[in-house]
Structures are given as structure tokens and as C-alpha cells.
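Since the structure comes first, as C-alpha cells, the remarks are kept for the end.
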């Protein structure tokens, strides 16, 4: 596969296709690629680029090729891989927990069938590997609130769908020799994280920047990944010359929600931000030792720095009218 040499080699030989790039992680992936001067094509059913506009300049966005389409349409996926000349695929398109709960058949079509389409189209195009987003949601929460024993079942349909995708990846390697890396974020935070069950800490940062009250409806400990760190790790995975169907947990900052609120207050003293004590039905912490062994130490922005950067971006976006604090 092209594009696994030095940075200068990459910029000349790589072409990235990013599905779901108008979501949070996708927007940060695209931002990083544009900053590296790597050609990137966005494939998304949406045309709403507000998350990219939050973290990218108009000049940066001009360097992105936007193609609207639906990953549930195999022919459309094949066409965009061909038209983009993709050497690398980062597959992020998915419906989040609340949307899967509200419409399970649609969630299955997008999250499961759409992922099968990405693997099949990549195979037909002769690509050697792709990278996709799995999730901590493939695990439930054990009775001790600890790690991720395989006997623990997903507690949401979203988690069931992500678990199915990991199986799809394994069988495409077994049957066709198509390699893949799946990354399991725990809780991603930062500008652009405005949807999903675990988006509340980021919404609290926006509320703090706007000077309005917000209540995070859960508590407990967890692993929190800053969005830019997560994007950089997806790109590292996409460039890693690994064979097989690997799936890795992400760790980040292991903190309690109370510590997140404290970090918000450190940046915005007196901000009316509160939180619940009830933990989410996912493990508190995951082991990222296999990821470190395969990909090296991941980028980790310290929590206070990540919160400070997020609030600063939100504060400027509120002034510019690129975002509003509506919950």
C-alpha cells in the first residue's frame, strides 16, 4: 500500500478517503491531513460542515474534495473509492447511540451494512487495508466497574453493531487477506463533539464558554481522549504496515467526571457546571498496552490543556457566530 514512508514521501503518494468526515473525529482527521498537505476526499451523507468550520479556516476547507453519498449504497462507495484514487481509507461514518436506539433498522443499515460495504469496496478496489472506528460500547460494564472481560455483553444496540463490525473485519482478513485496524475510543471530547451519549462533557465546556448553566447527566471514571489526539491516532493506524485484523483500545486521560468539571472551573471560574454521580454502563478503563506495542505511545493532551483549548475555540466561535450554545 502506498504512503508508509517518511512525511515527505507520504505527502506525494498518499490520497485519503474519510467517511463520516463531517462528524467530530472526521473533521479533526481532515484538519490534520490538510495541515500535512495530503490530498483528502470527504464522503458523507450530510452536507453540514459546521464542525469543520469550527476548527478549520475557509482556505483550509478549499483544499478538501467533498463528495456526498451514502455508505449503505455499495455502488456509491465503490465509485468514490475509484474517483478519489484513495490509497488509504479511514472509515468513521456511523450513527451514534441515541439514533440507533430511536431507529434500530436504520442504525443497522448504516453501522453494520455500511461497514460491510466499505470492506467489500476496498477489497474490490485492491486496497490492502483500512482503518475503522469501533467503540468502548462493544463492552458492557462489569459488576466491579473495571475492565473489559470478553464475557461482558454490549448494553446498547450501537455496541452490538460495533461488535459486528469487528467480526466483519476479522473475516475479511481471514477470507480475503484485507487487513484492518479498528480503534475503540472511550469518551472523545473537544470542539465538534456535539452528538452522542458521551458528548455532555464537551457541551459543558461550550456552556462554560457561553456563561450558561449545564448539567452532565452522568459521573464516574473513564478514559477521555481529546479529539485531535484521536484523529492523529487514526492517521497513525492508517499508515501502519500491520497485517491482520487488529482492534485496539484507546486510553487517554483516565479521570473522574468531577475532575473534568474542576478543569472547566479552572479555565472558567464560577461557570455553572454540575454533574451526576451515576456512571455509564461501560467499563471505566481499558487496557491500551497492545496499541502501544503495535503503534507506539499515543498522543495524549493533558486534560486541563485539552479543556482550555476547547473552551478557547468555543469562545472565539461564539464571538464569530460560528456556533451557539443551544442545548
> Say we look at the range 69-79 and pick out the residues that are surrounded by fewer than 22 Cβ atoms within 10 Å (Cβ to Cβ) and within 21 Å of the chain's Cα centre (by Cα); which of these is farthest from residue 24 (Cα to Cα)?
Replying inline: 72
> Looking at the range 190-201, which of its residues are in a loop (DSSP other than H, G, I, E, B) and either buried (at least 18 other Cβ atoms within 10 Å of the Cβ) or at pLDDT 95 or above (or both)?
Replying inline: 190, 191, 192, 193, 196, 197, 198, 199
>> Given the criterion in contact with a helix residue (DSSP H, G or I) (Cβ under 9 Å, 6 or more places away or on another chain) and assigned to a loop (DSSP other than H, G, I, E, B), identify the matching residue among 93, 108.
In response: 93
> What single numbered condition from (1) in a strand (DSSP E or B); (2) within 30 Å of residue 128 (Cβ to Cβ) fails to hold for residue 241?
Replying inline: (1)
>> Exactly one of these conditions fails for residue 47: (1) touching a helix residue (DSSP H, G or I) at 6+ places or on another chain (Cβ under 8 Å); (2) farther than 16 Å from residue 234 by Cβ. Give me its number.
In response: (1)
> In this structure, is residue 122 without any contact (Cβ under 8 Å) to a residue 12 or more places away in the chain, in a helix (DSSP H, G or I) and over 16 Å from the mean Cα position of the chain (by Cα)?
Replying inline: no
>> Criterion first (more than 20 Å from residue 244 (Cα to Cα) and either surrounded by 18 or more Cβ atoms within 10 Å (Cβ to Cβ) or modelled with pLDDT of 95 or more (or both)) does residue 92 satisfy it?
In response: no
> Given (1) part of a loop (DSSP other than H, G, I, E, B); (2) touching a helix residue (DSSP H, G or I) at 6+ places or on another chain (Cβ under 7 Å); (3) modelled with pLDDT of 95 or more; (4) farther than 22 Å from residue 188 by Cα, where does residue 4 come up short, assuming only one miss?
Replying inline: (3)
>> Condition first: modelled with pLDDT under 95, in contact with a helix residue (DSSP H, G or I) (Cβ under 8 Å, 6 or more places away or on another chain), crowded, with 21+ Cβ neighbours inside 10 Å and not in a loop (DSSP other than H, G, I, E, B). Can you find one or more residues in the range 202-222 that meet it?
In response: yes
> Could we say that residue 86 is crowded, with 17+ Cβ neighbours inside 10 Å, within 16 Å of residue 228 (Cβ to Cβ) and either touching a helix residue (DSSP H, G or I) at 6+ places or on another chain (Cβ under 8 Å) or modelled with pLDDT under 95 (or both) here?
Replying inline: no
> Can we say residue 71 is in contact with a strand residue (DSSP E or B) (Cβ under 9 Å, 6 or more places away or on another chain), in a helix (DSSP H, G or I) and touching a residue at least 12 places away in the same chain (Cβ under 8 Å)?
Replying inline: no
>> Is it the case, given these coordinates, that residue 98 is surrounded by fewer than 18 Cβ atoms within 10 Å (Cβ to Cβ), in a helix (DSSP H, G or I) and modelled with pLDDT under 95?
In response: yes
>> Please go through the range 130-166 and give me each residue that is at pLDDT 95 or above and in contact with a strand residue (DSSP E or B) (Cβ under 9 Å, 6 or more places away or on another chain), ordered by number.
In response: 130, 131, 132, 133, 134, 162, 165, 166
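The values are calculated or read from the model by the stated rules, or taken from the named source; none is laboratory data. Please read all numbers here as calculations on a predicted model, not as lab measurements. Ideal geometry is used to build each Cβ from the backbone, glycine not excepted, and the neighbour counts take in all protein chains shown.
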